[in-house]
1. Per residue and in Å³, how big is the convex hull formed by the alpha-carbon atoms of the chain?
2. Applying 1/(1 + (r/R0)^6) with R0 = 22 Å to the Cβ-Cβ distance of residue 13 and residue 54, what FRET efficiency is obtained, to the nearest 0.05?
């Protein structure tokens, strides 16, 4: 069964940030938007486990990078 689709309009600066994030992490725009909506609505069980793990790994990497600079 296919997933429903929605269309949204976002400000150009927000799209630039989304594109930067996608390029930096390798995540798809769909995954990022679904995750953001799930976080906002407090229903993280809707986000696939592999995606949640990837996001946590990115956060850990950022913390390690910041710690290495100090």
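1. 127
2. Plugging the Cβ-Cβ distance into 1/(1 + (r/R0)^6) gives 0.35.
None of the figures in this text is laboratory data; all of them are computed from the coordinates on show. As the structure is a computational prediction, the values presented were derived from the model and not from experiment. Quick reminder, even Gly has a Cβ in these numbers, built from the backbone with ideal geometry, and neighbours come from all protein chains shown.
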